[in-house]
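Just below is one structure, and these are the notes that go with it.
Coordinate-derived values only; no laboratory data. Please read all numbers here as calculations on a predicted model, not as lab measurements. Glycine also receives a Cβ, built like all others from the backbone with ideal geometry; neighbour counts cover every protein chain displayed.
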Amino acid sequence: MIGFIGGSGLYSGVNRLKGTERWIDTPYGRVKMLIGENFAFLSRHGYPPVPPHIINHHANIMAFHMLEIKNIIAVSSVGSLREDIPPGTLILPENLLDFTHRVWTYHNEKPYHVNMYEPFCKELREKIHRVAGIPTGGTYATMKGPQFETAAEANMLRILGADVVGMTVAPEAKLAKEIGLCYQPVCIVVNYVDRNTSHEGTLNMMEKMMSHVENLAWRMIENEESSI
């Protein structure tokens, strides 16, 4: 099975994905998932959707672990920090910057340090690239939100080498890494980071990109079926 996490605008699943809704009780809270024969879909923001700073990342990632789903594709809307990455682009980032200023771990009782040198799953990234043709490379910067970035913050991120920016990937990647899950974000560029960035614009672009998300999900599920 393959796991999917849906972000902004993907609150109730992906069209054409048919399954059974099921509540998963984790040690960190309950999570509702749509489970099919070869996939499990989870809305990152929950039901009803909550803002990014309230997302229960610990429960979300643990739910996949409890279902013994090792591979997670996380669809995330992002802002572009580069002119050559326009809105409507899909990319598979390879590295990560974390500016959430929070500790993301399942290990609060004793010291445990996981290697984050490669924060995302190379094998899954290469499979998505091969199956769906999405380009790889670049660095995702995670800001804490829920506000978008200031001009100074955007300039700082560019200087530090970030290519796109969002609010949710760092906690997911770190928690998945700690429990041995293969996690790869698929970033949908919804805007340039500038004075025109808006919540409404993000949702509008995600709606326009929905067919791409559906095609990605179907192609990855079909690939899972053919490899069984």
**Asked** Out of the range 76-141, which chymotrypsin sites (Phe, Trp or Tyr not before Pro) are coil in DSSP terms and have no more than 14 other C-beta atoms within 10 Å?
**Response** 112, 117
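Name the shape class, rounded, prolate or oblate, that the alpha-carbon gyration tensor gives for the range 146-222, where a ≥ b ≥ c are the square roots of its eigenvalues, rounded holds for a/c under 1.5, and otherwise prolate holds if a/b is larger than b/c and oblate otherwise.
oblate
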**Asked** So how many Å³ per residue does the convex hull of the Cα atoms of the chain work out to?
**Response** 118
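Indicate, rounded to the nearest 5 percent, the antiparallel portion of the DSSP beta bridges found entirely in the range 1-157.
Antiparallel bridges make up about 40 percent of those DSSP assigns within the range 1-157.
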**Prompt:** Tell me, which longest segment in the chain has none of the GluC sites (Glu not before Pro) that fall in DSSP loops with at most 11 further Cβ atoms within 10 Å?
**Reply:** 110-228
**Request:** Could you pull out every one of the lysines with an alpha carbon less than 29 Å from that of residue 127, ignoring same-chain neighbours closer than 8 positions?
**Result:** 18, 32, 70, 174, 177, 208
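Would you order 212, 45, 113 from fewest to most other beta-carbon atoms within 10 Å of each residue's own beta-carbon? Each step should come with its number before you reach the end.
Values: 212 16, 45 22, 113 8.
Ordered from fewest to most neighbouring Cβ atoms within 10 Å, 212, 45, 113 come out as 113, 212, 45.
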**Complete:** Across 180, 166, 88, the residue with the highest GNM fluctuation in the chain (Cα network, 10 Å cutoff) is 180
**Item:** the range 150-205 and the range 33-57: distance between their alpha carbon centers, rounded to Å
**Value:** 18
**Fill in**
Restricting to Cα pairs under 8 Å and 6 or more apart, the percent relative contact order of the chain works out to 27
**Pairwise label distance in nanometres, residue 21 with residue 152, each label 7 Å out on the Cα-Cβ vector** = 4.5
